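The values are calculated or read from the model by the stated rules, or taken from the named source; none is laboratory data. Just so you know, these numbers come straight off a predicted model, no measurement behind them. As a convention, Cβ positions derive from the backbone with ideal geometry for all residues, glycine included, and neighbour counts pool all protein chains shown.
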Amino acid sequence: MLKRFTVSLEEDLLERFDGSINRHGYSNRSEAVRDLIRRELVDEEWEQDSEVVGVVTLVYNHHQSQLQERITELQHRYYQLITSTTHVHMEDHNCLEVTIVKGQASLVRELSEGLIALRGVKSGNLTMSSTGGHLH
């Protein structure tokens, strides 16, 4: 069931919001507002240390001494969280590794922060999401 509600905004804020809606390809304001609300609810799930899902993305130099072993060691320490890992050779020195994780938010954060902090990781990111159970 859909419910309507009214939101009042300053004109310049609404113009900026409409610009953002267009850049992101939303068909209307309602879809954009729904996504903003869902994003906030996902953030709350992470703050409440609920069961969550996420993606840890790493770009690293595979020639860095013992880096691959340290990545594997951390992944084995948190094996219960890991659903899938994909490793891509991007160029001679650089690799991309994407790890899909599911579990308690604090443990997922521990794993991702540990991986991202390893020496030789050039870029790392945790994309946080929800298992979807509480979102409609």
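Within the range 73-104, the only residue that satisfies the criterion of being without any contact (Cβ under 8 Å) to a residue 24 or more places away in the chain and of a type in the set (Phe, Trp, Tyr) is TYR79.
The residues of the range 22-50 that are assigned to a loop (DSSP other than H, G, I, E, B), surrounded by fewer than 13 Cβ atoms within 10 Å (Cβ to Cβ) and modelled with pLDDT of 90 or more, listed by number, are GLY25, SER27, ASN28.
Counting residues in the range 94-109 that are farther than 16 Å from ASP49 by Cβ, in a loop (DSSP other than H, G, I, E, B) and over 15 Å from the mean Cα position of the chain (by Cα) gives zero.
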